[in-house]
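What follows is a single structure, written as structure tokens, with notes after it.
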Amino acid sequence: MYNNGISLIVIAGVVGLVFGSFLNVVIHRLPRMLERRWRHECAEYMEQPAAPKEEEAPYNLVVPASACPACQRKIRPWENIPVLSYLALRGRCAGCGARISLRYPAIELLTALLSIAIVWRFGWSLASVGGLIFTWTLIAAAAIDTEHYLLPDALTLPLLWIGLLLNAWDVFVPLKEAVIGAAAGYLVLWLVFQVFRLLTGKEGMGRGDFKLLACLGAWTGWRMLPLIILAAAAVGAVIGGSWLLFSKRGREHPIPFGPFLAAAGLLAFMAGPAIVHAYMHWALPARH
């Protein structure tokens, strides 16, 4: 049993590191792929000239091969080993010496640790496979929202449908709870958005946040939505307040809400029932 547990941790960690490397590609390229597509669609709609020649070459999650953004030197396979290559290169490009963002090893390590937690929590099962998909997608979505203030439909919508399909077999929650969770998750933030816009004339959050909370409701069920919203709002308030105090940017600078939703959603997914039970036991102690 002990050996099986060690094997579980090692395999999950290695898979997490490898997939974390791929998530770095998704985080870097997906927003640029979407921007290219939007520009192309706008040009077609406005009947304007085609995109510049540099945008005619294929650009997706597979091609072109990874290269240094500064000098365009192709990254060799041994320079692309998760975490180890970053340490061996001391965080700099082997060609031009440009600094490599700390985000790359951070995403790889985070993905490995959360992958271990998921597999340890659910074991070798369909729930574990679903949990890994859920976790990896949330990592990519949160990182993209942090950098680009964007929660792509290419991530949120497939995640929503996968959650509903898995719960059609009650993998995590009954299907009825998942459907209500998806609908309620979307409508709650949509209502907050509408009320805020009515009172201030401004848009307080992006529509991607509605879809992300709908995803979380589809995976965890409607009963976890209060925990997710409260946890995301509490962490967002603390970090947002600190940002306003210590950042040189003004109050008008937006703070993405997606990362807080993603973190709260993972918390509810992993330990939501236990947290709710502990809170109810504390708030409503047994009467003697």
Work from the charge dipole of the chain (Cβ charges, +1 for Lys and Arg, -1 for Asp and Glu, about the Cα centre) and give the residue of ALA184, GLY91, LEU30 farthest towards its positive end. GLY91
Calculate, in nm to one decimal, what ARG197 and VAL276 gain on full extension: separation in residues at 0.36 nm each, minus their alpha carbon distance. 25.2 nm
Once amide H atoms are placed 1.01 Å from N in the peptide plane, what residues at a sequence separation of 5 or more from ARG92, or on another chain, have their amide H within under 5 Å of its amide H? ILE100
Just how many % of Cα pairs in the chain lie over 36 Å apart, if you round to the nearest whole percent? 24
If you roll a 1.4 angstrom probe over the protein chains with everything in place, what fraction of the accessible area of the chain belongs to carbon and sulfur, to the nearest %? 68
For segment 174-239, just the Cα atoms, rotate onto the principal axes and tell me the three extents in Å, largest first. 39, 24, 16
Order these peptides, 137-143, 104-110, by their mean beta-carbon neighbour count within 10 angstrom, highest first. 137-143, 104-110
Which FRET efficiency, nearest 0.05, do ARG103 and LEU8 yield, Cβ-Cβ r, R0 30 Å? 0.60
Let me know the volume per residue of the alpha-carbon convex hull for segment 105-169, in Å³. 74
What ranking, highest mean first, results for peptides 174-181, 259-266 when packing means the other Cβ atoms within 10 Å averaged over each residue? 259-266, 174-181
Please pull out the direction-averaged projected area of segment 106-256, using the convex hull of its alpha-carbon atoms, in nm² to one decimal place. 9.7
Between LEU187 and ASN80, Cβ-based FRET efficiency (R0 41 Å, step 0.05) works out to 0.40
The chain, accessible area per residue, ligands and nucleic acids excluded (1.4 Å, Å²): 61
Those trypsin sites (Lys or Arg not before Pro) in segment 75-152 that DSSP places in a loop and that have at most 11 other beta carbons within 10 Å: ARG90
For a quick size check, give me the Cα extents of segment 33-134 along its three principal axes, largest first, whole Å. 54, 38, 19
Counting only complete DSSP H runs, which helices of the chain cover 24 Å or more along their long axis at the Cα atoms and score a mean Kyte-Doolittle of 1.6 or above? 225-246
Approximate spin-label separation LEU165-GLU41, in nm, with each point projected 7 Å along Cα-to-Cβ: 2.3
Tell me, what is the percent relative contact order of the chain, built from C-alpha pairs under 8 Å that lie six or more residues apart? 17
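The values are calculated or read from the model by the stated rules, or taken from the named source; none is laboratory data. For clarity, every value in this text was computed on a predicted model and none was experimentally measured. Neighbour counts are summed over all protein chains in view; Cβ atoms, including those assigned to glycine, are modelled from backbone coordinates with ideal geometry. Accessible surface is based on the protein model in full, side chains and every heavy atom, while ligands, DNA and RNA are left aside. Shrake-Rupley method; radii C 1.70, N 1.55, O 1.52, S 1.80 Å.
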